[in-house]
Amino acid sequence: MYLLKRIFLFGKPYKKYFALAICFMAVNALFEGVSIFSIVPFFDKVLTGKTIELTTSVKFPYQDKLNEFLFHLSSLDRMLVFKYLAVFLTSILLIKGIAFYFSRVFMEILGQNMVKDIRCKIFDHVEHLSIDFFSQKKTGELMSRVSADVQMILDIVSSRFATTLIEFPKFLMYALILLIIDWKLILALFFIPIIILPIILIGKKLRSLSRKAQSRLAELNSVLFEVITGIKIVQAFSMEHAELKRFIHENIRYYKTRISAVKLDTLLSPLTEITGISICLCIMVLRIPKIIDGSLSVGTFTLQAAALVAMVKPLKTLGKINSLMQRALGATERIFEILDTKATITEKKNPAHLPFIKNNIVFKNVSFGYEQDNNTKTVLNNIDFEIKKGEIAAFVGPSGAGKTTILNMVPRFYDPQQGKIMIDDTDLKEVSFKSLRRQISIVTQETILFNETVLSNISYGENNVSIKDVQDAAKLANAHEFIKQMPKGYETIIGEKGVKLSGGQKQRLSIARAILKNPAILILDEATSALDSESEKLVQEAINRIMKKRTVLVVAHRLSTILHSDKIFVINQGIIEACGTHSQLLKSNALYQKLYEMQFGTVE
Ligand code: ATP
C-alpha cells in the first residue's frame with residue numbers, strides 16, 4: 001500500500017484526468033446496466049410474444065411509470081418492439097463507446113504524464129548521486145531501471161489499466177440490478193472470498209517474479225551495454241561467440257522468469273471464471289421451480305442470470321488488476337530503491353561560498369578507503385601536504401598507489417574518512433559544490449565528450465561565451481586547425497563519445513573546454529598517457545599553456561612531463577614516501593630513482 005501511495009503521489013498534478021476518467025467509467029457502467037434491461041422485453045415479448053413482466057423485490061424510483069411503459073410495449077406488435085429495442089440498444093452502445101473511449105484516453109494521459117515525471121525524477125536524482133554509487137552499479141542496470149522498470153508503472157496507470165478498472169463500476173451496477181430484481185441473489189456476494197483467495201495468493205507470487213524478471217532484464221541490458229561500448233575489444237579478442245553465450249545465458253534466465261510469471265498469470269482467469277460461473281449455476285438452479293410455477297417470467301429470469309454471470313467478468317478482472325498491480329509493484333520497488341539512495345557526499349545546509357584560491361590547497365592527515373561489500377579498503381593513510389597557489393604539484397608512484405584517489409578528493413568526488421582538505425583554510429565540506437567546482441577543471445586520460453557539436457562540447461557548462469572565446473580556447477589547445485578542417489567546423493557533431501575524432505583530437509577538445517572554463521585549479525590525470533608521441537607533443541604543448549598561472553595537480557606515468565614541477569610527491573601504498581623536486585628526489589628516493597630508470601634507462 002505504501003508503494004502504491006508513493007506512486008500515486010506522482011499523479012497528484014494530473015488528478016483532473018483521473019477524475020474525468022472515473023466519471024466516464026461511471027457513465028459506461030451506468031449504460032451497461034441500462035442496456036441489460038432490454039433482455040426482459042426481448043425474451044418476454046419479441047421471442048415468446050407474452051406480456052412484459054419485470055418482477056422486482058425492491059421498489060425503485062419511477063418504477064410505476066416503467067411498468068406502465070412496459071405494459072404499453074406489451075400491447076405493440078412483436079416486430080415493432082424489436083425495432084424499438086434495436087434503436088434503443090444502438091444509442092446506448094454509442095454512449096457507452098464514447099464513455100469508454102474517453103475513460104481510456106484520460107487514464108493514458110494520466111499514466112504517461114506520471115511515467116514522464118518519474119523518469120525525470122530518477123534522472124535528476126541519479127545525476128546528483130555520489131561517484132561511489134556509480135562504481136557499485138552497472139550502467140546497463142541503471143539504464144534498465146530508468147527505462148524498463150518505469151515503463152511497468154504504466155500497467156497501473158494507463159489506458160490498459162482503465163480497460164480493467166472500468167469493470168469495477170460495472171460490478172457495482174450489476175450488484176445494484178440484482179438488489180432491485182431479487183435482493184436474495186445478492187447473497188451470491190458471500191461467495192466472493194472463494195474467488196478472491198487464489199487472486200491474492202497468485203498475486204503475491206507474481207510480485208516476486210516480476211522483481212526477479214526486471215532484475216534479469218537489467219542483467220541482459222548490462223551485457224548488451226558492455227558489448228556495444230566495448231565492441232572494439234570484443235572483436236579484437238574474437239570474443240563475439242563468448243559474449244553471445246553470455247547474452248544467451250542472461251536471455252534464457254529472463255525468458256524463464258517471464259514464462260513462469262505468464263503461466264501463473266494465465267491461470268487466474270480460468271480459475272476465477274470456473275469458480276464464479278459454478279456458483280452462478282448453483283444459484284440459478286434454485287430459481288427454475290419459480291419459472292415452472294409461473295411466478296417468474298422468462299425475461300426476468302434471464303435478466304437475473306445475465307446479471308449474475310456478468311458479475312463474474314469484473315471478478316476475473318480483479319485478478320487481472322491484481323496481477324498488473326503486483327507486476328508494477330515489483331518494478332516500483334526497484335525504482336524506489338534508486339530514489340531512496342542517498343548521496344554519500346553532500347553539501348551542508350547553507351554552505352559557504354568559496355572564493356577563488358588565494359593561498360593554498362592543504363591535505364591534513366587525510367585517510368580514505370573505498371567501501372566494498374560492507375568493508376572499507378584503506379587506500380590513503382595520513383596524507384599531509386600543502387600546494388601553494390600557482391604551484392605545479394605532481395604525484396608519481398606505482399600503479400594502485402592512490403594517486404588518482406588524491407586528485408578525486410579535491411573536487412569532492414570522495415570525502416576523507418579522517419582528516420580534512422582545505423583551500424585557504426576553509427574545509428571543503430563547508431562550501432558549496434558549485435563554488436568549489438567552478439574553479440576546478442579536470443582533464444583525464446579518458447575524455448568525456450557528448451554527441452553534440454564541437455562548439456557545445458567546448459562550451460559545456462559555460463553560458464555566456466562567444467564563438468570567439470571558444471575559438472581562442474581551441475587555438476590555445478592546438479585544436480583550432482583540425483576543427484576548421486571538419487565538414488561543418490565548430491558545428492560538426494562529433495558522434496557518441498567523440499567517435500569521429502582521434503584520441504589526440506578528443507584530448508585537445510577536452511583541454512579547450514578546460515581552458516574556456518578558466519580554472520584556478522587544474523587537475524590532470526594521465527592526460528597524455530594514451531597518446532602517441534606526435535599527438536602527445538601537441539597535447540603537451542596545450543597543457544603547458546593551460547598550466548601557466550594556475551595551481552596544478554598532475555598525475556603522469558611519463559616522468560618527462562612532470563620533471564619541471566615545483567613539487568613531486570612519491571606515493572607508495574597510500575602514503576607519501578617522499579616529496580621534493582626532480583633533482584632532489586633523484587638523489588634521495590630509491591622508488592623515484594627506480595621509476596626514472598624504468599623510463600630513461602639510467603639516472604643522470
Ligand atoms: P594508477 O596509476 O594505476 O592509475 P593510482 O595510483 O591512481 O593507480 P588509484 O586509482 O587511486 O591508484 O587506486 C588506488 C587503489 O584504490 C587501487 O588499489 C584501486 O584498486 C582502488 N580503487 C580505485 N577506485 C576504486 C573504487 N571506485 N572502488 C574500489 N576500489 C577502488
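The values are calculated or read from the model by the stated rules, or taken from the named source; none is laboratory data. What you see is a predicted model; the values in this text were computed from it and never measured. Backbone-built Cβ (ideal geometry, glycine too); neighbour counts: all protein chains shown. Protein only, heavy atoms only, side chains kept; ligands, DNA and RNA dropped before computing areas. Shrake-Rupley method; radii C 1.70, N 1.55, O 1.52, S 1.80 Å.
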Point to revise | Test for Leu268: is it assigned to a loop (DSSP other than H, G, I, E, B), among the hydrophobic types (A, V, I, L, M, F, W, C) and touching a residue at least 24 places away in the same chain (Cβ under 8 Å) | key: no
Exercise for review: Test each condition in (1) farther than 12 Å from Phe569 by Cβ; (2) of a type in the set (D, E, K, R); (3) open to solvent by 40 Å² or more (accessible area, probe 1.4 Å) for Arg412 and report the one that comes out false.
Suggested key: (3)
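Looking only at region 397-414, which residues are within 9 Å of the ligand (Cβ to nearest atom) and closer than 17 Å to Asp384 by Cα?
At the first step, the residues of region 397-414 found to be within 9 Å of the ligand (Cβ to nearest atom) are 397-408, 414.
Within region 397-414, Gly397, Ala401, Gly402, Lys403, Thr404, Thr405, Ile406, Leu407, Asn408, Tyr414 qualify.
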Exercise for review: Would you please list the contacts, defined by Cβ atoms under 9 Å and residues six or more apart or on different chains, that run from a residue in region 505-520 that is within 19 Å of Ile387 (Cβ to Cβ) to a residue that is assigned to a helix (DSSP H, G or I) and modelled with pLDDT under 85?
Suggested key: Ala514/Ile546; Pro519/Ile546
Point to revise | Restricting region 571-604 to residues that are open to solvent by 40 Å² or more (accessible area, probe 1.4 Å), of a type outside the set (Ser, Thr, Tyr) and touching a Lys or Arg at 6+ places or on another chain (Cβ under 8 Å), the residue that is modelled with the highest pLDDT | key: Cys579
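Within region 220-239, is even one residue open to solvent by 40 Å² or more (accessible area, probe 1.4 Å), of a type in the set (Val, Ile, Thr), assigned to a helix (DSSP H, G or I) and within 30 Å of Thr302 (Cβ to Cβ)?
No, that holds for no residue.
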Practice item. May I ask you to list the residues in region 541-560 that are open to solvent by 30 Å² or more (accessible area, probe 1.4 Å) and either within 16 Å of the ligand (Cβ to nearest atom) or polar (S, T, N, Q) (or both)? Key: Asn544, His557, Arg558, Ser560
Exercise for review: Exactly one condition in (1) more than 30 Å from Lys59 (Cβ to Cβ); (2) of a type in the set (Val, Ile, Thr); (3) open to solvent by 40 Å² or more (accessible area, probe 1.4 Å) is not met by Ile199; state its number.
Suggested key: (3)
Revision key, fill the gap. Selection over region 564-595 where residues are without any contact (Cβ under 8 Å) to a residue 40 or more places away in the chain and away from the ligand (no atom under 16 Å from the Cβ) yields a count of 12
Review point. Only one of (1) more than 16 Å from the ligand (Cβ to nearest atom); (2) more than 30 Å from Pro169 (Cα to Cα); (3) of a type in the set (D, E, K, R) fails for Lys316. Which number is that?
Key: (2)
Check your understanding: Which of the residues that make up region 372-396 are surrounded by fewer than 18 Cβ atoms within 10 Å (Cβ to Cβ), assigned to a strand (DSSP E or B) and away from the ligand (no atom under 13 Å from the Cβ)?
Key -> Asn382, Asp384, Phe385, Glu386, Lys388
Check your understanding: Within region 154-193, restricting attention to residues that are part of a helix (DSSP H, G or I) and polar (S, T, N, Q), which residue is surrounded by the most Cβ atoms within 10 Å (Cβ to Cβ)?
Key -> Thr164
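Out of all the residues in region 465-490, which are open to solvent by 40 Å² or more (accessible area, probe 1.4 Å) and in a loop (DSSP other than H, G, I, E, B)? I'd like the intermediate steps shown before the answer.
Going through region 465-490, the residues open to solvent by 40 Å² or more (accessible area, probe 1.4 Å) turn out to be 465-469, 471-472, 475-476, 481, 484-485, 487-488.
Matches in region 465-490: Val465, Ser466, Gln485, Pro487, Lys488.
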Exercise for review: Could you figure out which of (1) away from the ligand (no atom under 16 Å from the Cβ); (2) at pLDDT below 90; (3) open to solvent by 70 Å² or more (accessible area, probe 1.4 Å); (4) within 20 Å of Glu127 (Cα to Cα) isn't true of Lys358?
Suggested key: (4)
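For (1) open to solvent by less than 60 Å² (accessible area, probe 1.4 Å); (2) part of a strand (DSSP E or B); (3) farther than 14 Å from Lys517 by Cβ, each residue gets a yes or a no:
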| site | (1), (2), (3) |
| --- | --- |
| Val443 | yes, yes, no |
| Thr447 | yes, no, yes |
| Phe450 | no, no, yes |
| Asn457 | yes, no, no |
| Asn463 | no, no, no |
